[in-house]
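The structure appears below as structure tokens.
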Amino acid sequence: MSITSKLFAESLLPRRPSSSSSCKCAVLIGIIFITVLLLMPAPAQAQRRRFLMRQREKQILDIVLSNTTYDNRIRPSPLLNSTTGETQVYVNLLIRSVSKIDDFAMEYSVQLLLREEWYDDRLKFESFRSSQASTSDFPPYLTIVDTKRVWMPDIFFINEKEGRLHGIIKPNEYVRIYPDGNVLFSVRISLVLACPMDLQFFPMDEQTCRIAMASYGLTTEDIVFHWKVEEPVQVPNLTLPRFNLQAVKTYKDDRTTNTGTYSTLKADFVLRRNFSYYMTQLYIPCIMLVIVSQVSFYIAVPARTALGITTLLTMATQSASINRSLPPVSYTKSGKHDKTHAEMIHARMTHVLDPTSR
């Protein structure tokens, strides 16, 4: 066999790869495999992380709320800057709706969210965070729907007539515990609250309806309420029946009884009555009646008497219908308005009954 034939035959045989080529192929395959592992199981890893976080939350709750370390009958320790040892509670209200303002019963119906915040060093769980754990692996807060497991401020509404908590489908309340020991309690409540009114200038009057809250059994030596600094009362897109909201004023007004001094918070809603309703339902009809009554000067005496009496009866009926919606008070309501009506009625009766005036 010639040298040329031997070289041609060797070229047809498969060549064995070199050691450097084998290493390059192995590294390339490893990179592709790791990339696939990182990309493919991302949803599974996220689901696994969420599951571990839920388990972590359960473990933390079992520890901080255990009967050996926490007693919900004992109020939290005071803040470090407290000089008298009282528990500081910050209150915020979100007014969801005002469904009724009753002039006759002097009350109004409101649905609101009551939020209270306080500090309880017994519920801190920041120490459970490991140095290797990332922020996403540690719960930012713990939520408890069974609010009876933690201590609660004994707040109540002073001017409440009726009230109820919402429980459809679940009780509309929760407690949120933060790692630093701050606690947030939120609950949805419907209330009927007393609102004493001064109706001397009805229907051009301005009323102040109040929400008053206080501690029921703990004095200022044990608990002190404060309005939250930012937006203590929130009234987003609030629509009121027959009234316009002018302002909301919040302040503290501690009350003292024969059992002690109790921390009290008050929120005043300044309401101005919407005059357009009474303009269309009362003033314009009365004006039209006065105009129509003047026609009696241009008709015969018998018809004049009937028209005058009809005008008087209509105005009396109109005034009675308005007074039925107002409470019986010891003062005159809307003095100028009533005086004008009395003068008009007196003039009409004189004109109808006195023959010399015809």
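What follows draws every value from the coordinates through simple rules; no lab data is involved. What you are looking at is a predicted structure, and each value in this text was computed from that prediction instead of being measured. Positions of Cβ are generated from backbone atoms using ideal geometry, with glycine treated the same way; all protein chains shown enter the neighbour counts.
Which GluC sites (Glu not before Pro) from the stretch 64-128 combine a DSSP loop assignment with at most 16 other Cβ atoms within 10 Å? Each step should come with its number before you reach the end.
Working: sites: Glu86, Glu107, Glu116, Glu117, Glu126; in loops: Glu86.
Filter output for the stretch 64-128: empty list.
Based on the Cβ-Cβ distance of Thr69 and Thr256, what FRET efficiency does E = 1/(1 + (r/R0)^6) give at R0 = 41 Å, to the nearest 0.05?
On the way: r = 37 Å, r/R0 = 0.90.
Efficiency computed from Cβ-Cβ geometry: 0.65.
I want to make sure I understand the PRE zone here: with the label point 7 angstrom from the Cα of Thr310 toward its beta carbon, which residues in the stretch 277-299 have backbone N atoms less than 18 Å away?
Zone members listed by number: 285-299.
Would you mind computing, in nm to one decimal, how far apart the modelled labels at Lys58 and Val229 are, each placed 7 Å from Cα along Cα→Cβ?
It works out to 4.0 nm between the two label points.
Determine the gain in length on full extension of the stretch Asn237-Phe156; use 0.36 nm per residue of separation and subtract their C-alpha separation, reporting nm with one decimal. Spell out each step's value before the answer.
Working: separation 81, 0.36 × 81 = 29.16 nm, distance 2.62 nm.
Contour length minus Cα-Cα distance gives 26.5 nm.
List, in the order given, every pair from Lys100/Lys249; Lys148/Lys170; Lys100/Lys266; Lys170/Lys228; Lys100/Lys252; Lys58/Lys124 whose Cα-Cα distance in the structure shown is over 18 Å. Show your work: numbers first, answer last.
Details: Lys100/Lys249 21 Å; Lys148/Lys170 15 Å; Lys100/Lys266 20 Å; Lys170/Lys228 27 Å; Lys100/Lys252 26 Å; Lys58/Lys124 15 Å.
Violating the 18 Å limit, Cα to Cα: Lys100/Lys249; Lys100/Lys266; Lys170/Lys228; Lys100/Lys252.
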